[in-house]
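The values are calculated or read from the model by the stated rules, or taken from the named source; none is laboratory data. Computed from a prediction, not measured in an experiment: that's the story for all the values here. So basically every Cβ, Gly included, is an ideal-geometry build from the backbone, and we count neighbours across all protein chains shown.
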Amino acid sequence: MIGESARRDALGAFGGHWDNTPFASSVNGLIFADYIAASGSTQKSLGLTLNRVVDGKPQFQDNFVTLANRAGFQTWWFSNQGQIGEYDTAIASIAKRADEVYFLKEGNFEADKNTKDEALLDMTAQVLAQEHSQPQLIVLHLMGSHPQACDRTQGKYETFVHRKKRRAISIP
């Protein structure tokens, strides 16, 4: 699960105080709770995380999807991100190396701002309901906290985010 713009301390499965990750909290799998992003921008961070890196340079042909394919996994990539665009193409090129690839958006990540990350869970459930002869690698690439998170969570955002009232101050 790639949770865009998401901090682990805000997610229940990773030790956050809210019960806001029912799927990740109950799934039979590994959760890497101590991961820290490789960079401050998504594109650079994922480029360094998903690809093998030699001498500080990503080896794009050796990304975790192609390596899983070579290891005998059937690979699935379900995305609520874009496929083509300034911020999408590099990650989408890794995604498209999976055996099965499904994007909820046709163009870039802003093509439809209201597609729901939850739709990826339905796709995942369909895969998990089938018998498979080989191990499965399923990647869910979420929109996560990207704007407009409130619109995509169908009014549930306030349930999981508690705001503290702040007052503005001027610093001379």
- [ ] Could you check Gly144 against (1) modelled with pLDDT under 75; (2) more than 24 Å from Ala13 (Cα to Cα); (3) not basic (Lys, Arg) and say which number it fails?
- [x] (2)
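Quick grid of which residues meet (1) loosely packed, with under 14 Cβ neighbours inside 10 Å; (2) small (Gly, Ala, Ser); (3) within 23 Å of Pro135 (Cα to Cα); (4) at pLDDT 75 or above:
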residue: Ala37; (1), (2), (3), (4): yes, yes, no, yes
residue: Ser41; (1), (2), (3), (4): yes, yes, no, yes
residue: Val54; (1), (2), (3), (4): yes, no, no, yes
residue: Lys57; (1), (2), (3), (4): yes, no, no, yes
residue: Val65; (1), (2), (3), (4): no, no, yes, yes
residue: Gly72; (1), (2), (3), (4): yes, yes, yes, yes
residue: Asn114; (1), (2), (3), (4): yes, no, no, no
